[in-house]
Structures are given as C-alpha cells and as structure tokens.
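Here the structure is laid out as structure tokens; the discussion comes afterwards.
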Amino acid sequence: MRRPNHTVVTMLLVASALVADGCARRRAASVPLPPQPPPPFEQPSAAPIPPPPPRASQPIVDNQPTSSALAPDELAGRNLEDLNRDNPLKPAYFLLDSAELDDAARTIVAANADVLKRYPQWMITIEGHCDERGTTEYNLALGERRAMAAKSYLQSLGIAADRLRTVSYGDEYPFDRNHSEDAWSLNRRAHFVISAK
C-alpha cells in the first residue's frame, strides 16, 4: 500500500479549514441582530418651554435715576462718616444775596431727592452757607433762607418734612477760604449732610 504524500495531506487540511471557516462566517452573517430600541416617545407640547428665571446674582434693573456713581448696595453698607466723606448728596449753589433756587440748583436738589427716595431711612441736615461778605447777622439769616428753600423744594418732590432738618452757618464754614469771586460762589450753598440712617 502506498503512503499518502505529506504535501497533499497538508493541502487537504488547509482547504478543509478554509471551507469550515467560510461556512462559520456565513452562518454568523446570517444570524439576525437584535432589534434597536425605538426612540423615546415625546409628547408634543402646546406651548414653548419658558426660559429659566434669572439667577439671584444677576442685578435687578432699576429705572429710577440716581445722581450717585455708587451702587445702592455700596451706599447701604456704609457708615455715616464714610457716606458724608463721599457724599452722594451734592450741594446746591446760590447767586449773590439770593435764597432762590435757579434751574441748576433745582436740578441738583431733584437728583438728591432721587437718592433720598432710594434710602427712606436716611435723615438729613440741610446747612445754609454764605460767602464772607455781609454782617454775621445778615449771613446767618440768608443761610437759613437758603436751607429752607432747599428743604421746601425737597418736600415738593415727595421727601417727608420729618426727614429734613435745617441749620444756618452763615460764613463760618466756607468750602474755599480764598477771597475771590470763584471762592465766594462755592461758599454760597445749601449743603446736604446725612445725619442718621
């Protein structure tokens, strides 16, 4: 009996392995994959979803005008000394021998009223001041009329009288101690001081 050739046997083994591998692949390819799950059902909404509410850290817009460059929270947390050093209430100036508020002075007092409306707990003292010319008695009387003019205008703008106090200093506390028209025009004023908060 004749022995089989090793090369032929090897070739037959390789061929049968390839056929078996091909059949296995064909069977694997013909096995169906499990079905994909359907997408989740979404109920159509009748109205669009509203945007989320603003975060608490976003500032609330206030349409009230203010004469202060400082934010309200900065003013609320300050003590009286700091408030009066960087006073958000500006002085109103007067013409020589006058206790009448002109347009510029009324604009300043109106801006001060806006600040006072934002801080209803503040009490203020309105100081009447004069330049150095005139007698002491005349300047004290004129200073009182200037303080009262500013108080009356604040009241007409809605600031309660019990929040407003007046005092006249005449020519005792000038802004500018020089002896010139420029200095005197700065000294003729109603000065607003926050006296309680």
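The values are calculated or read from the model by the stated rules, or taken from the named source; none is laboratory data. Keep in mind it's a predicted model, so treat the numbers as computed, not measured. Cβ: placed from backbone, ideal geometry, glycine included. Neighbour counts: every protein chain shown.
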Exercise. Just give me the residues in the range 113-134 being touching a strand residue (DSSP E or B) at 6+ places or on another chain (Cβ under 9 Å), more than 16 Å from residue 88 (Cα to Cα) and either at pLDDT below 95 or in a helix (DSSP H, G or I) (or both), in sequence order.
Key: 134
Quiz item: Checking residue 79 against (1) more than 23 Å from the chain's Cα centre (by Cα); (2) without any contact (Cβ under 8 Å) to a residue 40 or more places away in the chain; (3) under 18 Å from residue 193 (Cβ atoms), which single condition isn't satisfied?
Solution: (1)
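Looking at the range 149-156, can you tell me whether even one residue there is farther than 26 Å from residue 197 by Cα, free of Cβ contacts under 8 Å to residues at least 12 places away in the same chain and assigned to a helix (DSSP H, G or I)? Show your work before the answer.
Going through the range 149-156, the residues farther than 26 Å from residue 197 by Cα turn out to be none.
Among the residues of the range 149-156, not one is farther than 26 Å from residue 197 by Cα, free of Cβ contacts under 8 Å to residues at least 12 places away in the same chain and assigned to a helix (DSSP H, G or I), which makes the answer no.
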Exercise. Quick one: count up the residues across the range 124-140 that are surrounded by 17 or more Cβ atoms within 10 Å (Cβ to Cβ) and not polar (S, T, N, Q).
Key: 8
Practice problem: Give just the number: which of (1) surrounded by fewer than 20 Cβ atoms within 10 Å (Cβ to Cβ); (2) of a type in the set (Val, Ile, Thr); (3) touching a helix residue (DSSP H, G or I) at 6+ places or on another chain (Cβ under 8 Å) does residue 159 not satisfy? | Solution: (1)
Quiz prompt | Any chance residue 151 is among the charged types (D, E, K, R) and in contact with a strand residue (DSSP E or B) (Cβ under 6 Å, 6 or more places away or on another chain) | solution = yes
Quiz prompt | the range 124-147 residues that are more than 20 Å from residue 113 (Cβ to Cβ), paired with ones that are of a type in the set (A, V, I, L, M) and part of a helix (DSSP H, G or I) (beta carbon under 8 Å, 6 or more apart) | solution = 130/142; 131/183; 134/142
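Looking for whichever is within 36 Å of the chain's Cα centre (by Cα), farther than 19 Å from residue 88 by Cβ and among the basic types (Lys, Arg) here; the options are 189, 163, 146. Which one fits?
Values: 189 fails: farther than 19 Å from residue 88 by Cβ; 163 fails: farther than 19 Å from residue 88 by Cβ.
Matching residue, one of 189, 163, 146: 146.
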Practice problem: Among residues belonging to the range 84-105 that are at pLDDT below 95 and in a helix (DSSP H, G or I), point out the one that is farthest from residue 141 (Cα to Cα). | Solution: 85
Self-check item: Residue among 81, 144, 137, 74 that alone is modelled with pLDDT of 95 or more and closer than 22 Å to residue 163 by Cα
Solution: 144
Practice problem: Mind listing whichever residues of the range 168-197 are surrounded by 14 or more Cβ atoms within 10 Å (Cβ to Cβ), assigned to a strand (DSSP E or B) and aliphatic (A, V, I, L, M)? | Solution: 190, 193, 194
Practice problem: Write out, first by first residue and then by second, each pair whose Cβ atoms fall under 6 Å of each other, whose residues are 6+ apart or on separate chains, and whose first residue, in the range 176-194, is touching a residue at least 40 places away in the same chain (Cβ under 8 Å) while the second is surrounded by 13 or more Cβ atoms within 10 Å (Cβ to Cβ) and of a type in the set (Asp, Glu). | Solution: 183/176; 184/131; 186/176; 187/131; 188/131; 191/127
